[in-house]
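All remarks here apply to the structure that follows.
The values are calculated or read from the model by the stated rules, or taken from the named source; none is laboratory data. In this text the structure is predicted, and so the values were computed from the model without any measurement. Cβ coordinates were reconstructed from backbone atoms using ideal geometry, including for glycine residues, and neighbour counts include every protein chain displayed.
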Amino acid sequence: MMKSKRSHWERSIGIWILLLLVPPTLGKESPKIDLNTATLSQLKALPGIGPVIAERILELREKSGPFKRIEDLMNIRGIGEKKFLKLKDFITVKTPKRESEGRSQ
């Protein structure tokens, strides 16, 4: 077995660098963005989504109504399967409540 020639100091620096690079949310799940309620700025914060595509998402939602499933996002020009696969872990579609569901009878 070869002994590592790294000093204790070098190993310590390596550990600190690693700790600085690990995202603070490690182990915590960030809330997903609901495509049916997301704002323009929330959509632009998604990976690979700029202002133009974010605006297209809002336009489709206004024109066609709420998204039924996250895969509906691929109906937007500029979002193909490859981009969708990068987005799917960050988005969700919650079924909008009907007015009658919120009231007790």
*Would you pick out the residues in the stretch 62-94 that are free of Cβ contacts under 8 Å to residues at least 12 places away in the same chain and more than 18 Å from the chain's Cα centre (by Cα)?*
Glu62, Lys63, Ser64, Gly65
*asked:* Within the chain, considering only helices (runs of 4 or more DSSP H) that don't extend past its boundaries, which have at least 3 residues that are at pLDDT 95 or above, touching a Lys or Arg at 6+ places or on another chain (Cβ under 9 Å) and surrounded by fewer than 12 Cβ atoms within 10 Å (Cβ to Cβ)?
replied: none
*asked:* Taking the condition of being of a type in the set (D, E, K, R) and within 18 Å of Asp89 (Cβ to Cβ), how many residues in the stretch 27-79 meet it?
replied: 8
